[in-house]
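Working notes, beginning with the structure itself.
The numbers here are math on the coordinates, done by the rules we state, and not lab data. Here the structure is a predicted model, which is why all the values come from computation and not from measurement. Quick reminder, even Gly has a Cβ in these numbers, built from the backbone with ideal geometry, and neighbours come from all protein chains shown.
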Amino acid sequence: MADSRTVHCIKLDQDLPGLDKPPVPGELGQKVFDNVSKQGFKLFLDHFKMIVNEYRLDLTSPATDKVFEDQMNEFFFGGGIKLPDEFVPPEDK
């Protein structure tokens, strides 16, 4: 078993355990692998789950793969995330 690697997470601005492998093939996957921690990537997955539910995306569709990569790029390397206009955050209890 490989030792866990540490990355300086671009999202959380901390040195944290990195991902075990790039989350997607290609340049974006490598960039995320090099710059995002497991904890930071979990934040993205939680965000993307909300996007899937809000827009009722088909997870078997290649178009959804593109949305996933676009959202991931924006989440980590863009100007931040724009939530869907219809999104209403859950109330804290």
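Laid out as a table, the results:
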{"read-out": "Residue-count net charge about Pro62 - beta-carbon cut-off 14 Å; Lys, Arg +1, Asp, Glu -1", "value": "-3"}
{"read-out": "Around Gly40: net Lys/Arg minus Asp/Glu count, Cβ-Cβ under 15 Å", "value": "-1"}
{"read-out": "Rg to Rh, two decimals, where the stretch 2-71 supplies the alpha carbon set and Rh follows Kirkwood", "value": "1.01"}
{"read-out": "Per-residue Cβ neighbour rank within 10 angstrom, fewest leading, Glu69, Glu27", "value": "Glu27, Glu69"}
{"read-out": "Under the Karplus curve 6.51 cos²θ - 1.76 cosθ + 1.60, θ = phi - 60°, whole-Hz ³J(HN,Hα) for the stretch 22-27, x wherever Gly or Pro sits", "value": "x, x, 9, x, x, 4"}
{"read-out": "Amide H contacts of Val7 (H built 1.01 Å from N, under 5 Å, at least 5 apart or other chain)", "value": "Leu16, Gly18"}
